[in-house]
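Visitor: I'd like to ask some things about the structure below.
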Amino acid sequence: MKKNLVSALMGLTMLAALMLTISACGGSDSSSSDTPGGGDAGGGGTAGAFQGARRVFGSNLVKAYGREGYDRYTVTYDANGFVTKIHRDRYSGTTIDKTEDVIITYNGNVATGAQYENGAFKQNMILTVGSNGFVSKIESPRANQEFEYDAAGHFVKMKYIPAGSTRVETLSLNWQNNDFLSGGWTGGLTTLAYTDATHGTPIENVAGVLQWDDIMGIDMDDDFTYVTGAIGFGPKHLPLAWSDSGTQATISWTLDAQGRAIKAVVTKSSGGGDTRTYFWEY
């Protein structure tokens with residue numbers, strides 16, 4: 001299935017910070033008990049102006065994240081909590097075999113993500129913010145993408161149109177009580193669980209973690225859009241398992257003293273019990 005925003009931009013996603021002007025619109029630190037990361041699920045601020053990563057994550061801005069033994073992303077913010085640069089080191093063993101950078105610039109309700117690979121410019125991606133303050137459209141040499149959200153600021157649908165094609169692929173996501181329960185590309189379905197025999201009560205997603213591929217079982221690169229907060233709010237709780245037609249996965253979490261996710265170990269039934277470890281630093 002198709003990879004989301006960042007695969008087209010820098011071989012990674014997860015969404016860019018949009019605003020009327022960087023100097024005129026700062027990030028919101030408003031809090032809501034129903035919203036991961038201390039954000040404001042109902043929107044707020046100037047209509048059509050994305051309010052930065054603080055809207056989604058509050059004070060829990062990620063400084064670095066990645067997959068152990070595979071890659072590490074570092075994030076640069078401006079004074080208002082808007083992401084201006086994402087740097088990725090990809091590893092082969094203990095050696096960095098490739099670097100990638102996204103430099104984000106702003107012009108009205110449009111943001112441009114300039115992708116560099118090993119220091120050389122590769123391509124631009126153009127992001128347009130919608131009336132709810134989250135990205136509504138992304139245009140790149142690879143594909144165009146269109147996004148829809150529910151009233152609580154959760155991403156519920158994406159249309160993916162490959163460049164030079166009229167074919168449309170659709171990703172649909174189902175949310176209930178601020179948790180992502182099921183979804184997938186046309187013809188596929190992934191279902192999630194937030195409780196198990198050890199956790200009768202779901203684990204709060206204090207830092208608003210939103211990682212699709214292995215954490216939530218949806219084939220969609222999301223790192224770029226995730227850290228900028230441009231694709232909406234993550235689930236209120238941390239998923240403990242997911243399954244689709246060919247794979248079952250369990251997720252073991254490590255939290256810091258503030259209750260924020262700092263490590264997730266994902267074990268899949270496919271690939272002979274494939275295990276991957278992800279980390280977050282604040």
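Visitor: Kindly evaluate Lys159 against the criterion of being in contact with an Asp or Glu (Cβ under 8 Å, 6 or more places away or on another chain) and either within 22 Å of Ala49 (Cβ to Cβ) or aromatic (Phe, Trp, Tyr) (or both). Even if it seems obvious, please write down each step before you answer.
Guide: On the way: in contact with an Asp or Glu (Cβ under 8 Å, 6 or more places away or on another chain): yes; either within 22 Å of Ala49 (Cβ to Cβ) or aromatic (Phe, Trp, Tyr) (or both): no.
No; evaluated as a whole, the condition is false for this residue.
Visitor: Hey, can you tell me all the residues within the range 157-178 that are touching a strand residue (DSSP E or B) at 6+ places or on another chain (Cβ under 6 Å) and surrounded by 18 or more Cβ atoms within 10 Å (Cβ to Cβ)? Working first, answer last.
Guide: Just the residues of the range 157-178 that are touching a strand residue (DSSP E or B) at 6+ places or on another chain (Cβ under 6 Å), to begin with: 157-163, 168-174.
Listed by number, the residues that qualify are Met158, Tyr160, Leu171, Leu173.
Visitor: Does Asp213 qualify as being farther than 24 Å from Ala64 by Cα and of a type outside the set (Val, Ile, Thr)?
Guide: On the way: farther than 24 Å from Ala64 by Cα: no; of a type outside the set (Val, Ile, Thr): yes.
Criteria not met by Asp213.
Every read-out reported here was derived from the displayed coordinates using simple, explicitly stated rules and does not represent laboratory data. It should be emphasised that the depicted structure is a prediction, and the values quoted were computed from it without experimental measurement. With ideal geometry, Cβ positions are generated from the backbone for all residues, glycine too; neighbour counts draw on all protein chains shown.
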